[in-house]
Each structure stands twice: as C-alpha cells, then as structure tokens.
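Peer 1: Quick one: the structure is below, and I'll ask about it shortly.
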Amino acid sequence: MRSIIVGLISAIALAAPAHAGPVADARGLKVVGHIPGPDGHWDYASFDPERRRVYVSHGDEVLALGVDSGILNVSFAPGDHLHAIVAVPHADVLVTTNSGDNSVRILRASSGALLKSLSVAPDADGAAFDPATGLVMVINGEPGLVTLIDPIAQSVDGTIKVGDALEFGAVDGRGRAFVNIESTGEVAVLDLVHRRVLTRYKLDGCQRPTGLAYVEGRRVISACANNVAKVLDARTGQQIASLKIGPHPDSVLVDPVRHRAFVPTGGDGMLSVIALTGSENDKVIAVIPTHVGARTGAVDPKTGCIYLPTAEFGPPSAPGQRLAILPASFQILVVGNAPARH
C-alpha cells in the first residue's frame, strides 16, 4: 500500500483555530499547504469527521488523507471512474459512485475493503447521506434519476424519477432533498420518505447549475456556470440573493461551525466565501486566491481548513478536449488561517 507522508500538513491543520472569528479570519484565509499526489483526474472530495480523513475521488482510486497524521494513502480503495465518496455516520461504511461500470460500491471505512458492489443506472455521480432515512441518495445524472441506497443492508432501496439532466444533490436532514437540474436551471425538491418529486424551483438567471448545498436557515445555495451563485429559501424557492462568483464552479462547501459556505471556481482559481449569519449574511465576504482547476473540495469542521484538489495544466491533446494535466502536478491545496509553511 503506497502512501505519501507530508510532514508539515498535520502541523498546519492543528494550527488552525477550532473556532475562528467571523469576518476577519475569513478574509485572512490563504493557501497554507500543498500535498502532492499521483497523476490523474479527480472529481468530488469529502470529509470524514469520525476518522479525520479527506477522501478524494481520483480516477479509479480513492485517495484518503489523514489530516492529523499527514499521511496520504493514494490507493485506499479501487473504483471505476469515481465521482462521490460518502462516509456513513456511526458505521464502518463508505459509499462510492462509479460511472465507469455503473455501480455503487459499499466499502469498509476502516480499511477500504469492498463489501458489496451494486448495479445502478448509468452516470452514477453525486451522492449524499440522509440522516432522516438512513439512506444514501445517488444522482444518476444523464437518465434524470435518483437512486436510494441502504448502506447497512447493502442494497438498492428504490429510485425517484426526476427527469432532465441532473448534477448534484443535498439533504435537509428531515427527509427532504434538493437536486440541481443542470439542463433546465432548476432545483428539484424531493420527498425521500415517500419517494416522490414535490416541486421544482426555478433558478432565475442561472445557467447549468452544478454545486449545491443545504445550509442553516433553511436555505440552499446553487453554483451556476454563468458566474453566479443563487441563495434560495428551501421552503418556498424564493430567491434570497444572487452572488457573483468565478467561472467553472463544481461544488458548494459548508463550514457549519463558522457559519460559512465556500464556492471554489476552477476557471479562475478563486474561492468565494459566503457568510451564513451576521450583518453580512448571504453576502460574499472574501475571495481567496487558490489555483486554477480547484473546483471541488471538503471542509474540516474542527479546524476550518479547506482541502481543494487541483493540478497544473497544459494545452489539450486534441481540439475540443479538456486541458491536459501535467505530469507530477496533482496536489491537494490546504486553505486556512495558519501562517504559511515551506
């Protein structure tokens, strides 16, 4: 089992305050660490608070970073064109989505060992754990389907047909879910208990919504491809705010301890910080330089550090193709309030 040990990362993570102040510390955020990893493409990252790990879906491998030990395990578990990695609370279970073989894999969280592979509809992409039902909601983007996985029984527990092209989803913890509809610029509202679509909220002025998060105050934040993020009332769909962000967002990250949301934008290498309480509630309070390509990530709620996978890029191998990732350039950026280390 190969590992990369980064000696400074644990010191950086532990140096970040457990309870940061509201605005001053947000504006003081900066890149404080760079963790090298193997070559390859990546998608979503997630944080496992029980094991103090960041997981990154990295092509056909799950990367697992122990944020306190500084050990990056670059072959924690295999996959097949991985997208999402979900840690099931209070269980030795991870759930991964794999669009390569149209599967959802149930893994042992302690070791990465495969417990079961479940066949699902094509384009298994984003995923989220719903504490109200104990199910993992999996977004099958192209067929417009949501698949519900029982991670303990290791079985498919139903589907919800939404329609159109779906992107990412979030849950409110009460059995209700929200899913970005990329093709129509809407958010679908789902009842996971009764397995049905309740309604759709129109995202006025939003093109191709990607990242989505449910935040305190019963709000949802949706990141749009046309350089805006929309804040909606999750109960009514009414727009609360329209915020300027950078190009190519792919996720909305949440720090519930410090009452912030973050939108990383890979097109310009910036991180927009959104206040979720206080006098600047529902406003962008800081824009932090990160690195071009950093579009997804995960937040450690204990330290407030943000982990963003990215790489260096060169010209595409052929016209119309994505930019080529330069060899030996993949890294996980660490953003925090700690002083920079070299």
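Peer 1: If we keep just the residues of region 126-143 that are touching a residue at least 60 places away in the same chain (Cβ under 8 Å) and not in a loop (DSSP other than H, G, I, E, B), which is nearest to Ser75 (Cα to Cα)? Lay out the reasoning, then the answer.
Peer 2: In the first step, residues of region 126-143 are kept if they are touching a residue at least 60 places away in the same chain (Cβ under 8 Å); the result is 126, 130, 132-133.
Filter again for not in a loop (DSSP other than H, G, I, E, B), leaving 126, 130.
Numbers: Gly126: 21, Asp130: 27 Å.
Here the residue is Gly126.
Peer 1: Can I ask one more? Taking region 186-235 as the region of interest, how many residues are basic (Lys, Arg) and buried (at least 21 other Cβ atoms within 10 Å of the Cβ)?
Peer 2: We begin by selecting, within region 186-235, every residue basic (Lys, Arg); these are 195-196, 200, 202, 208, 218-219, 230, 235.
If we keep only those that are buried (at least 21 other Cβ atoms within 10 Å of the Cβ) too, we end up with 230.
Number satisfying all stated conditions: 1.
Peer 1: Looking only at region 1-47, filter to residues that are modelled with pLDDT of 50 or more and of a type in the set (Lys, Arg); which one of those is farthest from the chain's Cα centre (by Cα)?
Peer 2: Here is the first cut: in region 1-47, the ones modelled with pLDDT of 50 or more are 25-47.
From the residues that got through so far, the ones that are of a type in the set (Lys, Arg) too are 27, 30.
Numbers: Arg27: 22, Lys30: 20 Å.
Step by step, filter region 1-47, then rank; the result is Arg27.
Peer 1: Something else: Sort out which residues of region 53-98 are free of Cβ contacts under 8 Å to residues at least 40 places away in the same chain and part of a loop (DSSP other than H, G, I, E, B), and write them in order of number.
Peer 2: Gly59, Gly79, Asp80, His81, Asp92
Peer 1: Closer than 16 Å to Leu94 by Cβ and part of a strand (DSSP E or B): is that true of Leu148 in this structure?
Peer 2: Details: closer than 16 Å to Leu94 by Cβ: no; part of a strand (DSSP E or B): yes.
Considered against the rule, which asks whether it is closer than 16 Å to Leu94 by Cβ and part of a strand (DSSP E or B), Leu148 comes out as no.
Peer 1: Filter region 191-213 down to the residues that are under 20 Å from Pro256 (Cβ atoms) and out of contact with any Gly (no Cβ under 8 Å at 6 or more places or on another chain) and list them by number. Even if it seems obvious, please write down each step before you answer.
Peer 2: Our first condition is that a residue be under 20 Å from Pro256 (Cβ atoms); within region 191-213, this holds for 211-213.
Of everything in region 191-213, those that are under 20 Å from Pro256 (Cβ atoms) and out of contact with any Gly (no Cβ under 8 Å at 6 or more places or on another chain) turn out to be Gly211, Ala213.
Peer 1: Which one of these does Ile106 not meet: (1) free of Cβ contacts under 8 Å to residues at least 60 places away in the same chain; (2) farther than 27 Å from Thr133 by Cα?
Peer 2: All conditions pass for Ile106, except number (2).
Peer 1: Go through the residues of region 285-298 one by one and say whether even a single one is among the basic types (Lys, Arg), outside any loop (DSSP other than H, G, I, E, B) and within 25 Å of Val187 (Cβ to Cβ).
Peer 2: No, every residue in region 285-298 fails to be among the basic types (Lys, Arg), outside any loop (DSSP other than H, G, I, E, B) and within 25 Å of Val187 (Cβ to Cβ).
Peer 1: Moving to a separate point now. If you go through region 265-283, how many residues are among the polar types (S, T, N, Q) and either in contact with a strand residue (DSSP E or B) (Cβ under 7 Å, 6 or more places away or on another chain) or outside the structural domain of Pro309 (by TED's automatic domain parsing) (or both)?
Peer 2: Taking region 265-283 first, the residues among the polar types (S, T, N, Q) are 265, 272, 277, 279, 281.
Pick out the ones that are also either in contact with a strand residue (DSSP E or B) (Cβ under 7 Å, 6 or more places away or on another chain) or outside the structural domain of Pro309 (by TED's automatic domain parsing) (or both) and you get 265, 272, 281.
Residues in region 265-283 being among the polar types (S, T, N, Q) and either in contact with a strand residue (DSSP E or B) (Cβ under 7 Å, 6 or more places away or on another chain) or outside the structural domain of Pro309 (by TED's automatic domain parsing) (or both): 3 in total.
Peer 1: Any residue at all in region 99-115 that's within 26 Å of Ala229 (Cα to Cα) and in contact with a Gly (Cβ under 7 Å, 6 or more places away or on another chain)?
Peer 2: Filtering region 99-115 down to residues within 26 Å of Ala229 (Cα to Cα) leaves none.
No - not one qualifying residue is present in region 99-115.
Peer 1: Is there any pair with a first residue in region 171-187 that is closer than 12 Å to Ile139 by Cβ and a second that is surrounded by 19 or more Cβ atoms within 10 Å (Cβ to Cβ) and of a type in the set (Lys, Arg) whose Cβ atoms are under 8 Å apart and which are 6 or more apart or on different chains, and what are they?
Peer 2: Listed pairs, sorted by first residue: none to list.
Rundown of residues vs (1) farther than 22 Å from Val32 by Cα; (2) aliphatic (A, V, I, L, M), yes/no style:
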| position | (1), (2) |
| --- | --- |
| Pro247 | yes, no |
| Pro256 | no, no |
| Leu271 | no, yes |
| Asp282 | yes, no |
| His291 | no, no |
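A quick yes/no check of all residues on (1) modelled with pLDDT under 95; (2) closer than 25 Å to Arg295 by Cβ; (3) buried (at least 23 other Cβ atoms within 10 Å of the Cβ):
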| position | (1), (2), (3) |
| --- | --- |
| Pro49 | no, yes, no |
| Ser69 | yes, no, no |
| Leu82 | no, yes, yes |
| Asn102 | no, yes, no |
| Leu118 | no, no, no |
| Val146 | no, yes, yes |
| Ile152 | no, no, no |
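Peer 1: So which of Asp157, Asp130 is at pLDDT 95 or above and either crowded, with 17+ Cβ neighbours inside 10 Å or not assigned by TED's automatic domain parsing to the domain that holds Phe178 (or both)?
Peer 2: Values: Asp157 fails: either crowded, with 17+ Cβ neighbours inside 10 Å or not assigned by TED's automatic domain parsing to the domain that holds Phe178 (or both).
Every option except Asp130 fails the conditions.
Peer 1: Mind checking which residues of region 168-185 are charged (D, E, K, R) and surrounded by 22 or more Cβ atoms within 10 Å (Cβ to Cβ)?
Peer 2: Just the residues of region 168-185 that are charged (D, E, K, R), to begin with: 172, 174, 176, 182.
Scanning region 168-185 gives no hits.
The values are calculated or read from the model by the stated rules, or taken from the named source; none is laboratory data. Treat the numbers as computed from the prediction; the structure is a model and nothing was measured. So basically every Cβ, Gly included, is an ideal-geometry build from the backbone, and we count neighbours across all protein chains shown.
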